[in-house]
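Here's the structure we're looking at; comments come further down.
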Amino acid sequence: MPEEPTLQLNPRKGVTYHVVAGILSGLSRLLFRPKVTGRENIPLSGPVLIAPIHRSNVDFAFTLFISPRKVFFMAKDGLFKIKWFGSLLAHLGAFPVHRSAQTDRESMKAAEEVLRQGQALVLFPEGTRKEGRTVATLNDGAMFIAARTGATVVPVGIGGSHRAMPLGAKIPRPAKIRIVIGAPIAPPAAEGRVSRSAITAKSEELRAALEAVYLESLKG
């Protein structure tokens with residue numbers, strides 16, 4: 001069987017990136033006045049899995065403010081069907097994941113590929129959007145990927161996005177946003193294969209850290 005093509009990633013912030021990101025960040029500053037604490041906790045090189053809380057569809061917009069490096073994220077392949085729009089998304093760091101019966105497996109493979117190329121990947125460890133101040137038990141997906149790629153994991157709390165665009169809302173509304181970036185967490189490691197129990201223990205460490213930075217972000 002022929003090898004699947006390697007995911008094409010461009011870590012450089014080109015002209016298109018700066019123009020589109022500038023417009024988005026300008027609108028975000030106008031609507032949300034984001035304040036960021038802890039940018040220094042995201043390493044400037046090497047594989048990094050950025051793990052934000054997920055309370056709103058606008059959470060992705062705030063990844064523009066968290067690091068000087070370009071960050072990558074998954075997007076539904078349908079968004080790339082309009083050529084010009086797909087091109088803009090790709091310049092911003094999005095890459096398509098195809099919808100199919102194997103979507104989760106494809107997503108995991110794509111996430112691993114981004115990290116194996118030494119890039120920064122945004123991955124919501126809660127999966128879908130949640131509600132409330134607490135973080136429920138996470139599945140092991142994020143830490144499983146970290147174990148396979150050696151990526152550092154960084155929890156990110158985004159306070160106020162649930163007010164900016166709550167579940168069911170069609171358009172965002174003005175709201176003050178505070179982003180708190182927590183201390184980096186080392187990936188699960190062992191001589192040989194990392195055990196499932198070690199990965200689960202690291203997932204709980206991430207859950208606790210994510211809840212802590214989220215509660216801190218809500219104070220702003």
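Bear in mind that the values in this text are calculations on the coordinates, not laboratory data. These numbers were taken from a predicted model, which means no experiment stands behind them. Neighbour counts are summed over all protein chains in view; Cβ atoms, including those assigned to glycine, are modelled from backbone coordinates with ideal geometry.
What the table shows:
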{"item": "Cα centroid of the range 176-220 to Cα centroid of the range 129-144, whole Å", "result": "10 Å"}
{"item": "Label-point gap, in nm, between PHE85 and ALA189 - each point 7 angstrom along Cα→Cβ", "result": "4.3 nm"}
{"item": "The range 3-154, relative contact order in percent, only Cα pairs under 8 angstrom and at least six apart counted", "result": "34 percent"}
{"item": "Neighbour net charge for LEU167 - beta-carbon separation under 10 angstrom, K R +1, D E -1", "result": "+2"}
{"item": "Projected area averaged over orientations for the chain, convex hull of C-alpha atoms, nm²", "result": "12.9 nm²"}
{"item": "Pairs of Lys in the chain closer than 25 Å at Cα, counting only those 8 or more apart or on different chains", "result": "29"}
{"item": "Nearest-20 debye value, the range 15-217 charge dipole, Cβ charges on Lys, Arg, Asp, Glu", "result": "720 debye"}
{"item": "Cα coordinate range in the range 72-198, projected on the principal axes (Å, largest first)", "result": "49, 37, 27"}
{"item": "Ranked VAL154, VAL15, criterion: other C-beta atoms within 10 Å, fewest first", "result": "VAL15, VAL154"}
{"item": "Value at 222 nm in deg cm²/dmol, rounded to 500, when DSSP H runs of n ≥ 4 in the chain each add -39,500 (n - 2.57)", "result": "-11000 deg cm²/dmol"}
{"item": "Leading residue at positive end of dipole, the chain (Cβ point charges), from ALA94, ALA175, VAL153", "result": "ALA175"}
{"item": "The range 31-107: proportion of alpha-carbon pairs further apart than 17 angstrom, %", "result": "56 percent"}
{"item": "GNM result for the chain, Cα springs below 10 Å: residue of LEU210, LEU89, LEU121 fluctuating most strongly", "result": "LEU89"}
{"item": "Neighbour-count order for PHE144, PHE32, fewest beta carbons within 10 angstrom listed first", "result": "PHE144, PHE32"}
{"item": "Ascending count of other beta-carbon atoms within 10 Å, so fewest first, for LYS170, LYS109", "result": "LYS170, LYS109"}
{"item": "Net charge contributed by nearby residues that have their C-beta within less than 11 Å of LEU31 (K/R +1, D/E -1)", "result": "+4"}
